[in-house]
1. Note down the magnitude of the dipole of the chain about its Cα centre, charges +1 on Lys and Arg C-beta and -1 on Asp and Glu C-beta and zero elsewhere, to the nearest 20 debye.
2. Of the options Val88, Trp44, Ser124, report the single residue whose Cα projects farthest towards the positive end of the charge dipole of the chain (beta-carbon charges: Lys, Arg +1; Asp, Glu -1).
3. Under a Cβ-Cβ cut-off of 14 Å, what is the net charge of the residues other than Ser2 that fall near it, where Lys and Arg count +1 and Asp and Glu count -1?
4. To check my understanding: the extent here is largest minus smallest coordinate of the Cα atoms along each principal axis. What are those three numbers for the range 67-111, in Å, largest first?
5. Which residues make up the longest stretch of the chain that has no GluC sites (Glu not before Pro) in a DSSP loop with at most 15 other Cβ atoms within 10 Å?
6. Say a paramagnetic label sat at a point 7 Å from the Cα of Arg96, along Cα to Cβ; which residues of the range 42-62 have their backbone N under 12 Å from it?
7. What do you get for the angle between helix 60-78 and the principal long axis of the chain? Use alpha-carbon atoms, 0 to 90 degrees, nearest ten.
8. Between the range 80-125 and the range 1-56, what's the alpha-carbon centroid distance in Å?
Amino acid sequence: MSPWETLPHPSDLRVRVRARDRRELFEEAARSTFALCARPIGGWPEKLETREIDARGEDEVGLLHRLLAECLFAFESERFLARDVAVVQFSPRECRLRLRGACFAPEELEVDHVIKAVTWHGLSIIDGPEGVSAEILHDL
């Protein structure tokens, strides 16, 4: 089973991400954001670029929002897609991701969703018996 799924929504893109713990949740949420934006038409290049994203928030929901907004910015500003995502530092108010991926020309991508923003509406992190989940609404 995939760690994330899209949920019905009349106009935007709603996503539920599941994980064993918060560190994994933030990793999977970032991975889902890149995957929902686009995918390379001709596959991944042999040599991938490594970059890091640092985010801070007043609480863990704010941190998740900021982190996903930074992922979306990397895609929108440079057409950077991450193939591999790893949390290298995590606390309830700070997170650092290490991304391995590549920048693509527009004609090299199959765009799945044109995500304008990560919204605050309904953004939540929920503890459950099998781990933790988040609900994220992307504005299309």
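No lab work stands behind these numbers, since they all come straight from the coordinates. Since this is a predicted model, take the numbers as computed values, not measurements. Here the Cβ positions follow ideal geometry from the backbone for every residue, glycine too, while neighbour counts run over all protein chains shown.
1. 200 debye
2. Val88
3. -1
4. 38, 17, 13 Å, listed from the longest principal axis down.
5. Formally, the longest exposed-site-free interval is 59-129.
6. 52-55, by backbone N distance to the label point.
7. The helix 60-78 is inclined about 10 degrees to the chain.
8. Between the Cα centres of the range 80-125 and the range 1-56 lies a distance of 6 Å.
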